[in-house]
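The values are calculated or read from the model by the stated rules, or taken from the named source; none is laboratory data. Here the structure is a predicted model, which is why all the values come from computation and not from measurement. Here the Cβ is made from the backbone with ideal geometry for all residues, glycine too, and neighbour counts use every protein chain on show.
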Amino acid sequence: MGNSQNKWARYDLWDERHLSLDRFAVEDPENGFCAAASPRDPKPSLVIEHGRIIEMDGVPASEFDIIDEFVARHYFDLTIAETAMAIDSREFAQMLVDVDVPRERLVKLSAGMTPAKLAEVLGHLSTLELAFANSKLRCRRQPSNQAHVTNAKDDPVQMAADAATAALYGFDEIETTVRVARNGRTNAIACAVGAAVVRDGVLIQCSLEEAEELRIALAGFTSYTETLSVYGTEASFLDGDDTPWSKAFLTAVYAARGLKARCTSGSSAELLMGFHEGKSMLYLEARCVCLQRAMGVQGTQNGGIDGAPLTSSVPRGGWELLAENVLAALLDLECASGNDTRHSESEIRVGAKIMPYLMAGTDFICSGFGSIAKYDNSFNASLFNAEEMEDFLALQREFQVEGGLQHVSEDQLLAARARAIEAISAVLETLTSGRLTEAQKKSVLYAHGSDETASFMPGEVAGMNEALIERNITFVDVVQVLAARGFTTEATRLLSMARQRVTGDYLQTAAIIRDGRVVSAVNDPNRYRGPGTGYVMTDERRQAINRMRREVSKHDVLVGERITGQQDSRHWRIKSKGEAGPGDDPREVVIGISPGFGVCLHKTTGGVPLYKVLAALLEGIRERGGHPRVVRVRHTADTSFLGLTAARLAGSGVGIGIQGKGTTVIHRHDQAPHMNLELFSQAPLIGEADYRVIGGNAARYALGESPDPVTIPYRGQALGARFHVQTALLYAIETSMIEAGQNPEVLEVKFYDGR
Amino acid sequence: MMDDEKPDNLDAIYPVGEKHPDRVRTRNGRSLRDLTLDNLLAGHVATSDFGITADGLRLQAAIAERAGRPNLAQNLRRGAELVEIPDNVLLDVYEMLRPGRVQSADNLRAAANQLRDTYGAKETASLLEEAALVYERRGIFQRRF
């Protein structure tokens, strides 16, 4: 085990951790490994003559590359450019985090700043300040989230069930893509139908080759696209087989077909393509987002995207990804803020990465949260995936931040999945030859991922798509089938989405559709100006975010204890024999049990039934020659005082104090309350056999021996996380049973199974 | 464009489908209110009724302009010009704009003329002419495959 070069044993341990699979790049601006402020980044400049830009960021107009040229021609508001460029960069950075400077003013000024200027401005902000600036600058007040819904077989039945699942969890956009290029139609239909089972208004994208993507959109199955990639250097742009003009034209074409569109950019793309020019990632991305605003696209998907793992490998990489998103927001672009690629094998790095986004809120926290199993993600694993969805919910709940998702009950979930499976099966049966047995459908209902499904295989799906293409099937056909087969609600919802296209309201910046209503930066602008402004969760939303599986309440604990108590009542009985007096037997060890022990509490946090605990203590004492006596302490539930009270009653002066949750102490009559002989505070780890040894040790102290203290093995478990909810509730039950001033009672304990 | 299509009060006009459904008619001239499930099942409305319209896009462009987004407005106006142009024409133009697909600025200028003369797409035609100039200077017409 371990790396033979390691001398320190801890390196061996670190080498076994997931982090050890991550690689870290040495900062090397010359070779493009530089988050910000590369020596090759130009100094900001803008020279305007007779209303024309003749120099930008140190480059004369005659040497503009295609990006410079498009930016120079279409990006600037020349009426404020001189003012904007004259503002000191640090001062503008200050304005970005000043709640008294309105967003509108910053957006307006940004239209007069060059890419180099913008990169320089952001360079003055810390990670904390970037997050804060983001909360002020994002376009839409209401944050949202987008899901990836794909599977390894392109199986439309699973896809419909998973789309319904994603819609239930709260995603406003669903992005799908295919394993087999021909399968786009079934993917798109499945996502649209699945989402329609749950609600009206989930926007659907099927990421494909442009022409095919347009055709599917025209058939009415999808409503947005985010595959308009742009790059920060001319060579990488051309390598991507486009120019700013071809992309600007395509952007207009998408508008002409009623599709919401956003561009994709992100650091490290140029580095991966080999054309970085030695410029920093942030500067290149600044060129990309300026270009996007110049093209007139409403939004962007940026923040590394596929390049995020590479960006994260350089010093300041996480900062840079966040800075890109802030830049997009400053430029008034809807920002789907990346977080859609697993940038690290370390779960700690994953959780840390998402936090600034959750704290600030962005238009879409993830531009593809993997709502499906990691292995089913045809885009590759996302930052967060189905596997980690509850972790995400826990973060939302813990910090009261809006990540767009919410808890869903299993009943809701299975009902929606079942209906989605029936609805898509009806569509496929009618419009193609695809037909499933009940068993095949059921395999999808309960499946986490395609490993568990027995439904359609990629080859069959390809056949269905050929049929759909041949018959020129559009959403109208799907609506007709749904209506004919009793899925009227779903038919109506699909129709309602199609109707949205006629007015194009969702083409405005940062549009989503909630309950059939378009919500965008036009009618829900972010106007954060300090505490209590901007997005504030409603009480209803707060409650939705607060729900988790495995929530525990006092009621749950009491019910659980009552059931155990009823079950265990056949094993033992405790009977009071009146007030307890001091003993005079020098071998006597008194066990002082707490007020609730065996009354309304019946097992320890370690899961050991209390009758077994008491039996083990008694046996341990007897084995070692002690004479046990059991008393019920009524005036306290504190372990130390339970123990000391018992010790003072014991003829030997040694006593055991034990709470209903299992925490135990061995005490002696002449010790200070908190100076015990042995304390066992990690109740969840104490087993039945341990209680026996504890009893034995108490007897040995009573007889004047010096036993080795009992050690309860601890391997670093987060006991607080696992048990404190239950512990606190159990202890509250105990303390509520305290009777101040009441003396201990002697108990007669009878066991019915031969103890 | 009519005067009342320069919206002063965004709250009163947007979302159009909600606040002023009467302002937009479908490509076949139907009212938004006609786009019901019953009408669709009865065959009174067709797939083509559910497309975006040039009028709708121009109205959205005016809204974007009013909301302080001139670039988005410009893009939506270009979009409005392209609504009635067939897919294959649009995809051909897109293809021509990609690097190295055509070998001279003349091809792009011819496409610009076609867009302007046949379809009245002035803004888009200007975009193509601008591309022709820049491509020439940067050698983008060089064959790539």
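Going through A:505, A:568 one at a time, which residue ends up being touching a helix residue (DSSP H, G or I) at 6+ places or on another chain (Cβ under 6 Å), among the charged types (D, E, K, R) and crowded, with 22+ Cβ neighbours inside 10 Å?
A:505
Of the residues A:147, A:217, A:161, which is closer than 22 Å to residue A:364 by Cα and assigned to a helix (DSSP H, G or I)? Can you show your working first?
Details: A:147 fails: assigned to a helix (DSSP H, G or I); A:161 fails: closer than 22 Å to residue A:364 by Cα.
Step by step, each of A:147, A:217, A:161 is checked, and only A:217 is closer than 22 Å to residue A:364 by Cα and assigned to a helix (DSSP H, G or I).
Scanning region A:717-728 for any residue that is assigned by TED's automatic domain parsing to the domain that holds residue A:575, at pLDDT below 95, hydroxyl-bearing (Ser, Thr, Tyr) and farther than 17 Å from residue A:618 by Cα turns up at least one such residue. For residue A:229, indicate whether it is surrounded by fewer than 22 Cβ atoms within 10 Å (Cβ to Cβ), under 29 Å from the mean Cα position of the chain (by Cα) and either within 14 Å of chain B (Cβ to nearest Cβ) or of a type in the set (D, E, K, R) (or both). In short, yes. For region A:82-111, a residue qualifies if it is within 14 Å of chain B (Cβ to nearest Cβ) and free of Cβ contacts under 8 Å to residues at least 40 places away in the same chain, and the qualifying residues are A:104, A:105, A:108, A:109.
Answer yes or no: is there a residue in region A:286-305 that is surrounded by fewer than 24 Cβ atoms within 10 Å (Cβ to Cβ), out of contact with any Pro (no Cβ under 9 Å at 6 or more places or on another chain) and either in a helix (DSSP H, G or I) or away from every other protein chain (no Cβ under 14 Å) (or both). The answer is no, given that none of the residues of region A:286-305 is surrounded by fewer than 24 Cβ atoms within 10 Å (Cβ to Cβ), out of contact with any Pro (no Cβ under 9 Å at 6 or more places or on another chain) and either in a helix (DSSP H, G or I) or away from every other protein chain (no Cβ under 14 Å) (or both). Of the residues making up region A:161-178, not a single one is free of Cβ contacts under 8 Å to residues at least 40 places away in the same chain and over 21 Å from the mean Cα position of the chain (by Cα). Against the test of being within 25 Å of residue A:203 (Cα to Cα), in contact with a Cys (Cβ under 9 Å, 6 or more places away or on another chain) and not aromatic (Phe, Trp, Tyr), the options A:337, A:280 yield a single qualifying residue, A:337. Please go through region A:179-201 and give me each residue that is under 25 Å from the mean Cα position of the chain (by Cα) and either among the β-branched types (Val, Ile, Thr) or not assigned by TED's automatic domain parsing to the domain that holds residue A:511 (or both), ordered by number. A:197, A:198 - these are the residues of region A:179-201 that are under 25 Å from the mean Cα position of the chain (by Cα) and either among the β-branched types (Val, Ile, Thr) or not assigned by TED's automatic domain parsing to the domain that holds residue A:511 (or both).
Across region A:250-261, the qualifying residues are those that are in contact with a Ser or Thr (Cβ under 7 Å, 6 or more places away or on another chain) and not hydroxyl-bearing (Ser, Thr, Tyr), and the one among them that is nearest to the other protein chains (Cβ to nearest Cβ) is A:252. Could we say that residue B:135 is of a type in the set (Phe, Trp, Tyr), farther than 17 Å from residue A:245 by Cα and more than 7 Å from chain A (Cβ to nearest Cβ) here? It is false that residue B:135 is of a type in the set (Phe, Trp, Tyr), farther than 17 Å from residue A:245 by Cα and more than 7 Å from chain A (Cβ to nearest Cβ).
Could you count how many residues in region A:379-424 are part of a helix (DSSP H, G or I) and of a type in the set (S, T, N, Q)?
So the first thing to find is which residues in region A:379-424 are part of a helix (DSSP H, G or I), and the list is A:386-399, A:410-424.
In the following step, the residues that additionally are of a type in the set (S, T, N, Q) were identified as A:396, A:412.
Here the count works out to 2.
Within region A:241-258, one or more residues are in contact with a Pro (Cβ under 7 Å, 6 or more places away or on another chain), buried (at least 24 other Cβ atoms within 10 Å of the Cβ), touching a residue at least 12 places away in the same chain (Cβ under 8 Å) and not acidic (Asp, Glu). The sole residue among A:484, A:454, A:498 that is within 18 Å of residue A:222 (Cβ to Cβ) and either at pLDDT below 95 or not β-branched (Val, Ile, Thr) (or both) is A:498.
The rows are residues; the columns are (1) in contact with a Gly (Cβ under 6 Å, 6 or more places away or on another chain); (2) surrounded by 17 or more Cβ atoms within 10 Å (Cβ to Cβ); (3) within 7 Å of chain B (Cβ to nearest Cβ).
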| residue | (1), (2), (3) |
| --- | --- |
| A:466 | no, no, no |
| A:476 | no, yes, yes |
| A:484 | no, no, no |
| A:488 | no, no, no |
| A:493 | no, yes, no |
| A:512 | no, yes, no |
| A:522 | no, yes, yes |
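When you scan region A:721-744, how many residues do you find that are surrounded by 10 or more Cβ atoms within 10 Å (Cβ to Cβ) and over 30 Å from residue A:580 (Cα atoms)?
Taking region A:721-744 as the starting set, the residues that turn out to be surrounded by 10 or more Cβ atoms within 10 Å (Cβ to Cβ) are A:722-739, A:742-744.
After this cut, where a residue has to be over 30 Å from residue A:580 (Cα atoms) as well, the list is A:722-726.
So the answer is 5.
Cβ-Cβ distances below 6 Å connect the following pairs, each with a first residue in region B:126-142 that is under 12 Å from residue B:112 (Cα atoms), a second residue that is surrounded by fewer than 18 Cβ atoms within 10 Å (Cβ to Cβ), and a separation of six or more residues or different chains: B:132/B:109.
Among the listed residues A:325, A:339, identify the single one that is touching a helix residue (DSSP H, G or I) at 6+ places or on another chain (Cβ under 7 Å), part of a helix (DSSP H, G or I) and polar (S, T, N, Q). Walk me through how you get there before you give the answer.
Values: A:339 fails: part of a helix (DSSP H, G or I).
Within the list A:325, A:339, the selection yields A:325.
If you go through region A:124-142, how many residues are part of a loop (DSSP other than H, G, I, E, B) and surrounded by fewer than 24 Cβ atoms within 10 Å (Cβ to Cβ)? Number of matching residues: 5.
In this structure, is residue A:277 in a helix (DSSP H, G or I), more than 14 Å from chain B (Cβ to nearest Cβ) and more than 26 Å from residue A:448 (Cβ to Cβ)? So residue A:277 does not fit the description; no.
For region A:546-600, what are the residues that are of a type in the set (D, E, K, R) and within 22 Å of residue A:663 (Cβ to Cβ)? Quick ask: steps written out before the conclusion?
Keep residues of region A:546-600 that are of a type in the set (D, E, K, R), which gives A:547, A:549-551, A:554, A:556, A:561-562, A:568, A:570, A:573, A:575, A:577, A:579, A:584-585, A:587-588.
Selection gives A:554, A:556, A:561, A:562, A:568.
Looking across region A:40-59, the residues that are surrounded by fewer than 19 Cβ atoms within 10 Å (Cβ to Cβ), within 20 Å of residue A:109 (Cα to Cα) and in contact (Cβ under 8 Å) with a residue 40 or more places away in the chain come down to A:43, A:45. For region A:299-314, the set of residues classified as at negative phi and out of contact with any Cys (no Cβ under 9 Å at 6 or more places or on another chain) consists of A:306, A:307, A:308, A:309, A:310, A:311, A:312, A:313, listed by residue number. Selection of helices (runs of 4 or more DSSP H) fully inside region A:636-755 by the criterion of at least 1 residues being without any contact (Cβ under 8 Å) to a residue 24 or more places away in the chain, over 24 Å from residue A:599 (Cβ atoms) and out of contact with any helix residue (DSSP H, G or I) (no Cβ under 9 Å at 6 or more places or on another chain) returns A:719-736.
Looking across region A:67-90, the residues that are over 17 Å from residue A:42 (Cα atoms) and in contact with a helix residue (DSSP H, G or I) (Cβ under 9 Å, 6 or more places away or on another chain) come down to A:70, A:73, A:74, A:75, A:76, A:77, A:80, A:83, A:84, A:87, A:90.
Restricted to region B:47-64, and to residues there that are more than 7 Å from every other protein chain (Cβ to nearest Cβ) and out of contact with any Ser or Thr (no Cβ under 6 Å at 6 or more places or on another chain), the residue that is surrounded by the most Cβ atoms within 10 Å (Cβ to Cβ) is B:61. Only one entry of B:98, B:77 meets the criterion of being within 9 Å of another protein chain (Cβ to nearest Cβ), modelled with pLDDT of 95 or more and surrounded by 23 or more Cβ atoms within 10 Å (Cβ to Cβ), and that entry is B:77.
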